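Structure first, then comments.
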Amino acid sequence: MLRDAVGGRASLSRFSMVQAPGRVNLIGEHIDYNGGHVLPIPIGRVVGIAARKRAHREHRITSLNFRESCTFAVGTVPTAPAGSWVRYVAGMLCEMARHAAFAPALALDVYGDIPLGAGLSSSAALCIATGLAFEAVTGTDIDPIEMARMAQRVEQVYAGVQCGIMDQMASRLGRPHHALLLSCDTLAYEQVPIPAHGARLMLIDSGVRRALAASRYNERRQECSAALTLGRRHGASLRSLCAMDRKMAERLKPAVLRNRAVHAVDEDARVHAAAAALTQRDWAALGRLFTASHVSLRDLYEVSCAELDFLVETALAVPGVLGARMTGGGFGGCTINVVREDTCEDLREAATQAYQQAFKREPRIYELRDSLQAGMVRPA
Ligand code: GLA
């Protein structure tokens, strides 16, 4: 017998264990909210939740990472700072309750090993894991795409980020060793196998966490919607910015809107080319697309930063590195690199040394070999 979070006795069998992974986007940046395609992969780090019903009218949620607990009435979201883990979990429980025949009080113990604020979607994983925990305990069955939509709403309402749907779809639907080729317009998707040999994917965390990232993200969304409105005024019946003709994008004024639109149109094309490169096991082509994507995010979309640019430049100078780009929302977070198998150590050394010298901090470097998928965690 175990002691549960409120001090009662609980046997292991009364718990449901669920998990949801973080994600890294291979390519297709800042176009999920522009009706484009994206190509994220789930990573081998997750948010895990042990969940059970409570004989109360209050939920009790505990974060083992933060060593915090919170108790609140079913159907409410307690006051907590925007972006706090409490609001994500409580918000998601409310969303789920709306779709369930009954909504009992739950005890959730939450633990995660996804680095926070690194652009690896720890918050999307937290929401999806909460949704799965609710499903497991109540026996409710929620369509995966619907669950991703709920998690997106939670992010928008409770964290104030007008995010697209990529992260939530990747966490809910991503499969190990596959990239999720997702149309953010129709939400149709396809699992694209990642070749096991020939090159590796390496992630380098700059350690930069930008407080203003959310407001600058929302600013980009507004610029894109202004560019789309302009395009429609010129007579085009456009579904989204990514559907704009390249020539029309080039003609938009002012320059800032033109640049945002050209990025969106080109990045969408790069996603299709990248999916084809994976299918053809053409790592060199994938690398070139990564680098082109970074240049566009840096110069046209303006969401990179000095540290990310430095890490990309440093990587590209290492023989055997086939391409590099920032990944995720930007203004900090990680770069993703395509690296020949025998070059991983060279990149690790070069990036660590150069970054330490330039920015007086050590980057964290991960090889993206393992990946996990959302669902129940079954005993081994
Ligand atoms: C964040 C958002 C996503 C997406 C990316 C940029 O991760 O949550 O919806 O817009 O930035 O591609």
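The values are calculated or read from the model by the stated rules, or taken from the named source; none is laboratory data. Keep in mind it's a predicted model, so treat the numbers as computed, not measured. With ideal geometry, Cβ positions are generated from the backbone for all residues, glycine too; neighbour counts draw on all protein chains shown. Just so you know, the surface numbers come from the protein's heavy atoms only, side chains and all, with ligands and any DNA or RNA stripped out. Shrake-Rupley method; radii C 1.70, N 1.55, O 1.52, S 1.80 Å.
Straight-line reach from Lys360: taking Cα to Cα under 16 Å and skipping same-chain neighbours fewer than 8 places apart, no lysines fall in range. Each residue of segment 19-24 was assigned a 3J(HN,Hα) from its phi angle through the Karplus curve 6.51 cos²θ - 1.76 cosθ + 1.60 (θ = phi - 60°); the sequence is 8, 9, x, x, 9, 10 Hz, with glycine and proline shown as x. Counting Lys and Arg as +1 and Asp and Glu as -1, what is the net charge of the other residues whose Cβ lies under 11 Å from the Cβ of Gly117? It works out to a net charge of +1. Here Gln191 and Phe102 are evaluated by their C-beta separation; at R0 = 45 Å the FRET efficiency comes out at 0.85.
Inverting the pair-averaged 1/r between distinct Cα atoms of segment 310-380 gives 13.7 Å as its Kirkwood hydrodynamic radius.
Ranked highest first by the average count of other Cβ atoms within 10 Å around their residues, in what order do 28-41, 151-164, 215-228 fall? It would help to have the intermediate numbers written out before the result.
Details: 28-41: 25.6, 151-164: 21.1, 215-228: 17.3.
Answer by packing, highest mean first, reads 28-41, 151-164, 215-228.
In this entry, the chain is assigned a mean projected area of 19.5 nm², taken as a quarter of its C-alpha convex hull surface. Counting Lys and Arg as +1 and Asp and Glu as -1 over every other residue whose Cβ lies under 15 Å from the Cβ of Gly320, the net charge comes to -2.
The relative contact order of the chain, computed from alpha carbon pairs under 8 Å that lie at least 6 residues apart in sequence, is 23 percent. Relative to the dominant Cα principal axis of the chain, helix 213-233 is inclined by about 60°.
The trypsin sites (Lys or Arg not before Pro) of segment 39-148 that meet both conditions, a loop assignment by DSSP and at most 12 other Cβ atoms within 10 Å of the site Cβ, are Arg57, Arg67.
Here the extension length gained between Ala211 and Arg246 equals 9.2 nm, from 0.36 nm per residue of separation less the Cα-Cα distance. When we measure straight from the Cα of Lys253, which aspartates and glutamates land under 19 angstrom away, once same-chain ones fewer than 8 places off are left out? Answer for Lys253, where 19 Å is the Cα cut-off: Glu219, Glu223, Asp245, Asp266, Asp299, Glu302, listed by chain and number.
If we count every other residue with Cβ under 12 angstrom of Leu132's Cβ, Lys/Arg +1 and Asp/Glu -1, where does the sum land? The partial results should precede the final answer.
On the way: positive: Arg172; negative: Glu135, Asp141.
Once positives and negatives cancel, what remains is -1.
If the convex hull of the alpha-carbon atoms of segment 68-154 is projected onto planes in all directions, what is the mean projected area in square nanometres? Display every interim value, and only then the final one.
Numbers: hull surface 22.6 nm².
About 5.7 nm², averaged over all directions.
Placing +1 on the Cβ of every Lys and Arg and -1 on the Cβ of every Asp and Glu, with nothing else charged, gives the chain a dipole about its Cα centre of roughly 900 debye. For the chain, the solvent-accessible area with a 1.4 angstrom probe is 43 square angstrom per residue.
By how many degrees, 0 to 90 and rounded to 10, does the Cα axis of helix 283-299 deviate from the longest principal axis of the chain? With both axes taken from Cα atoms, the answer is about 90 degrees.
Quick check: convex hull over the Cα atoms of segment 2-193, volume per residue in Å³, rounded to an integer? Walk me through the numbers on the way to the answer.
Numbers: hull volume 21.7 nm³, N = 192.
Measuring per residue, one finds 113 Å³ for the Cα hull of segment 2-193.
Relative to the longest principal axis of the Cα atoms of the chain, the long axis of helix 255-279 lies at roughly 80 degrees. Net length available on complete extension from Arg14 to Thr71 is 18.5 nm, with 0.36 nm assigned per residue and the Cα-Cα distance removed.
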